[in-house]
Amino acid sequence: MRSSIASKIASVALVVVSLVLSLWLVEVGLRLYFHGTVFSPIGDTVSQARHPVRGTFNRPNTTYGMLKLAFAATAHINSRGIRGPEFDQVPKPGMYRILVVSDSGSFGSGVNDGEPLPDQMQALLGKDKYEVINFSVAAYTTVQEYLWLIDEGLSYKPNMVILGFAAGNDIQTNYYPLQALFQSDSKRPYAVADGQGGFTIDNSYMVASAERAKKFSLVGTVRDFVAGPLVQRVIGQAIEVTTGGRKTDPNIWIGWPFLSEYSLADAEGGRTVADYDKLWSDGWAVTKAVIRAMRDR
């Protein structure tokens, strides 16, 4: 009897070890195929940490490795949590300081230092009279950008602030009722209309997400041990292609800014044109309020 149990345990262990080795051999193959290296100095590091006000922020003094199927790049984060070189608290006399406030598009997700939009602006303007600061964080919303700007950015005494805005993505992620229909874990602050053309900040979902993140995740630990980052990305893309993933209702993930009309054939939850109009109109109204508040400050 004991011999039979031991044999079964050994068989299961052999299957598990074989599976893990196979998946990591696939990971090695993917790294060689896409990036031509196995042991990349970039790695796939965690770049962001939880923030009590903004939800997330860039970890200061880090080298952020971005290792994906389509690209591998490195971003250096300075002591202020900003991508780029160190800079003085206030600009030097005669220096015109520009803050570029945006999300991954200007942060430069997928490109190396020197290639993001603010870096290219700096190269074009030169460093004698102009200083361009990349005040952007990947996956940030207009609400998070507003909070960071008034909390810290304005203390750098910019002469100009340029806001990078992506209509569909930013309206959706600024407004919880829209965001909740697209993503299950809401770890950001949201804007709520105050009924007078302004807004208040709702941190409740962000706080709840932070509490959930403190709990040990056995599934996540096992997943990361069994499969490397590129294997996980391939599996994730395969699941999205076969099931649609989060992108099953184009009226939400593409949305009103880019659709000439809503597709009721793809509508979920019995939602009507009036429902979608209200979601996007309310989202845009509160987003406008946030942008105006940034302008006025």
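All of the numbers you see were taken from the coordinates with simple rules; none came from a lab. The model shown is predicted, which means the values in this text are computed figures rather than measured ones. Glycine gets a Cβ as well: all are built from the backbone with ideal geometry, and neighbour counts include every protein chain shown.
General observations
- Correct choice for Rg and Dmax of the Cα atoms in Å that was computed from the model, options [x] 19.3, 62; [y] 17.6, 50; [z] 22.8, 86: [z]
- Spin-label pair Lys247-Leu218: with each label point 7 Å from Cα along the Cα-Cβ axis, the two points sit 3.4 nm from one another.
- Helices of the chain meeting both criteria, an alpha-carbon length of 15 angstrom or more along the long axis and an average Kyte-Doolittle score not below 1.0, with helices taken as full DSSP H segments, are 2-35.
- Descending by average beta-carbon neighbour count within 10 Å, the peptides 61-68, 286-293 line up as 286-293, 61-68, the highest first.
- Estimated FRET transfer efficiency (Ala208, Arg50; beta-carbon r; R0 22 Å; 0.05): 0.95
- Cα→Cβ-extended label distance, 7 Å offset, between Val12 and Phe87, nm: 5.8
- In the chain, lysine pairs with alpha-carbon atoms under 21 angstrom apart (chain gap of 8 or more, or interchain): 11
- Potential lengthening between Gln120 and Phe225 on full extension [0.36 nm per residue; Cα-Cα distance subtracted]: 33.9 nm
- Sorting 192-200, 250-258 by average packing, meaning the other beta carbons within 10 Å per residue, from highest down gives 250-258, 192-200.
- Size descriptor for segment 137-226, Kirkwood hydrodynamic radius: 15.3 Å (Cα pairs only, one decimal).
- Estimated inter-spin distance, Ala193 and Lys288, nm [label 7 Å along Cα→Cβ]: 1.0
- Count Lys and Arg as plus one, Asp and Glu as minus one, and take only other residues whose Cβ is under 12 Å from that of Ala293; the net charge is then +1.
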